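Below: the structure, in structure tokens.
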Amino acid sequence: MHEMLRKRIPITAGMLLILVCISVSISIVGATQANNVEDQNMAYKDPSKPVETRVEDLLKRMTLEEKLGQMTQIERENATADVMQRYFIGSVLSGGGSGPGGANSNATAKQWFDMVSEIQKASLGTRLGIPMIYGIDAVHGHNNVYKATIFPHNVGLGVTRDPELLKRIGEATALEVRATGIPYAFAPCLAVCRDPRWGRCYESYSEDPKIVEELTSIIDGLQGEVPPNWQSGYPYLQGKKRVAGSAKHFVGDGGTVNGINENNTVIDWEGLLKIHMPGYFPALKKGIATVMVSYSSWNGVKMHANHELITKYLKEKLQFKGFVISDFQGIDKITSPPHANYTYSVEVSINAGIDMIMVPYQYTEFLDTLKDLVSKKVVPMNRIDDAVSRILRVKFAMGLFEDPLGDSSLENEIGSQAHRELAREAVRKSLVLLKNGKDPKQPILPLPKKGGKILVAGTHADNLGLQCGGWTISWQGESGNNYTTGTTILKGIEATVEKGTEVVYKENPEKGSLKDGGFSHAIVVVGEVPYAETKGDSLNLTIPHPGPNIISNVCEEVKCVVVLITGRPVVIEPYLEKIDALVAAWLPGSEGQGVADVLFGDFPFTGKLARTWFKRVDQLPMNVGDKNYDPLFPFGFGLTTDGSSSGSPSPSSNTKPPKTKVETKAENQAEKEERKAQRQEEKALKQEEKDMRKAQRLKEKETRKEEKDMGKVEKQEGKEEKRELKETQEEKAKRKATKQEEKDKRKQERQEEKKKKQEEKDKRKQERQQEKEKRREEKDKRKAEKHHEEGKNDEI
């Protein structure tokens, strides 16, 4: 009997195993079929469906937590798999200098690609599999990445006035950004810099809004050209070799008082439309995916809290359908000091119309605060749905749901020879020849390649970091040749001259050391040190030490060409008589060979100033068309290599600057009629805006009445709800009081600052007077001593 049982056990176990396997197989098949049915019912996963259908389908499936996560952009160092999945994070960024391995790590394109891919895989592992969007500041090439091509900053590109060149630069930048797995660039900057004291002036193409408008062609390169009849304001992206762009910083960032970064832009509506808004009109027509808000204020209202401009004008009037993103910790700066009332900052920024918040570090506080505001109906649910719909629309337009992981085969695009040649071309076209010979009839440029002995001097001649400027590898930029790859101006000169021509490099020659050196010419390369944003704000705009000394020491002894490496016009008039030839090279980037190409005549000088070059800082702000326009070099000025000029015949002359499309003093009758028609059109637009705001106020009044009536009904539903409503009203009153306190505080701070500046001014005036008196006393003393000495000699 036992033997029979032992024989049956294996048979029974085997049958059970077979039954289990069949059951599991049926379960798997059933689950797969169920998943397939579920996928078929998920319209958002079907690329054949219209984008709006996919957005609507996905939005209705999302929880509040998933929606708020989509509105959150965090720094890559915080983007662990756990954080991405726990908080449903919608976007990640690299701040300036932030990459794999930390700041300035010289990470390869593959390391960047792998990092972005791992973060993306975490996002795809969430319940709905919504891909994140990774963004980076690629403002003059893929400038955070080692070995990437660094193009000239915008201040130089504006000089070219070449939309086709800008389009090609956009294409090259997009390829290099995509090579690292990143699909989103925080570019282009459409600021119209009206005061060079601003630390971000080099990010602006020009003081002329027409030039800024024309050079939005870079968007065609970054995102691809929209098809005919594309709906203006609707986001567009042409395939996996392009990147989503961001028009920034909306709006008026280049017009702040005294050029102070993040300050107040004081200008009327007509002026805002005419000077600071023109770049955004073509950007929307070109399908720009996102718009980034400015840190600055417009007539005292922080742009991050400006509902009228963000929602009423940009979204409703201009019909922008992409998403609006804050700047880095931008909502914190709504209050003074920053982050002083974070609940208020979150409330007003979201209600103003910002869809995605760049909150690199304090993302949990942001999410908790926003969720609480939504639960209390301070931020309405339809505002959340609008924001998330816009973010999803961009992600669908980018093809992220179909191809979330990028293309690793693009790795060799980083710093490719073709891109470096393009950057070299851009450098050549961005140079402006401001002076060519002390006697214009005897120009010294182009320099001879053959024979002679050439001195190259200056702090910026053999320094890639200084040559590239801010926003290169790190946020503030670096000094030295170890941070990226390229060609310094010195190396470009050495590669250009013919055999037998001696090139001698002395960074800072001592006074009197060059007379017997036998130099036929000297090239002095000096300028500003790298900076970004507020750290670049300047009250004096002088060339940093030892630049002025180098100019004097060299140019007093050798026939010299001075090449300025600066992010803006600087004080140069005191040295102008000593200089034989003067070239503005701006911040040329990694390809210094382009400077040598033009100095030695392989290509001509063609650049024309895209901004006014002042004589003295006390003239600022001074822009073309201003009443008291008396520049050192006027807007549009630029000599060609043969000494001719498209601007004034001499830099210090009082002749009028070359006429431009924005000049207000044209004498032609047709232009007068055109301006009259334009004023009438702008007046009509202004009235239309006024009527729109009036209608909106009536609408909001009706909405408030409806909410009030609804509140009365809700009061009857329970004592607890009544108490909650009372708390909400108290919080509202508290916020209002806090807002008034902050307003009063800012007013007091401005008054104190004004008083302090006046005191400092008076103090400096007094010190100058005392110094003057002291010099006079010393002079009288020396004179008396001289007479006394002469008297003694007579006695002897």
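Listed conditions (1) farther than 22 Å from Leu599 by Cα; (2) in contact (Cβ under 8 Å) with a residue 24 or more places away in the chain are all met by His545, apart from (2).
Could you run through segment 329-373 and say how many residues are within 26 Å of Ala289 (Cβ to Cβ) and either of a type in the set (A, V, I, L, M) or not assigned by TED's automatic domain parsing to the domain that holds Met292 (or both)? Number of matching residues: 13. Would it be correct to say that Val257 is touching a Gly at 6+ places or on another chain (Cβ under 9 Å) and assigned by TED's automatic domain parsing to the domain that holds Ile211? Considered against the rule, which asks whether it is touching a Gly at 6+ places or on another chain (Cβ under 9 Å) and assigned by TED's automatic domain parsing to the domain that holds Ile211, Val257 comes out as no.
Among the residues of segment 157-174, is there at least one that is touching a helix residue (DSSP H, G or I) at 6+ places or on another chain (Cβ under 9 Å), within 20 Å of Gly477 (Cβ to Cβ) and aliphatic (A, V, I, L, M)? There is at least one residue in segment 157-174 that is touching a helix residue (DSSP H, G or I) at 6+ places or on another chain (Cβ under 9 Å), within 20 Å of Gly477 (Cβ to Cβ) and aliphatic (A, V, I, L, M). Among what's in segment 424-481 and is outside any loop (DSSP other than H, G, I, E, B) and among the charged types (D, E, K, R), pick the residue that is surrounded by the most Cβ atoms within 10 Å (Cβ to Cβ). It comes out as Arg424. When Asn508 is tested against (1) out of contact with any helix residue (DSSP H, G or I) (no Cβ under 7 Å at 6 or more places or on another chain); (2) farther than 21 Å from Thr149 by Cβ; (3) among the polar types (S, T, N, Q); (4) in a loop (DSSP other than H, G, I, E, B), only condition (1) is not met. Among the residues here, Lys321 does not qualify as over 21 Å from Asn154 (Cα atoms) and surrounded by fewer than 19 Cβ atoms within 10 Å (Cβ to Cβ). Selection over segment 225-269 of residues that are of a type in the set (A, V, I, L, M, F, W, C), outside any loop (DSSP other than H, G, I, E, B) and closer than 30 Å to Pro404 by Cβ gives a count of 3.
Could you tell me whether Lys321 is touching a residue at least 60 places away in the same chain (Cβ under 8 Å) and part of a helix (DSSP H, G or I)? So Lys321 fails the test. Just so you know, in segment 270-292 the residues that are in contact with a Lys or Arg (Cβ under 8 Å, 6 or more places away or on another chain) and not in a helix (DSSP H, G or I) include one that is nearest to Ala397 (Cα to Cα), and it is Val291. Counted as qualifying within segment 73-187 are the helices (runs of 4 or more DSSP H) with 1 or more residues that are farther than 30 Å from Gly638 by Cα and touching a residue at least 24 places away in the same chain (Cβ under 8 Å), namely 81-86, 109-124, 163-178.
The values are calculated or read from the model by the stated rules, or taken from the named source; none is laboratory data. What you see is a predicted model; the values in this text were computed from it and never measured. Because the Cβ atoms are built from the backbone with ideal geometry, glycine has one as well, and the counts that use them run over all protein chains shown.
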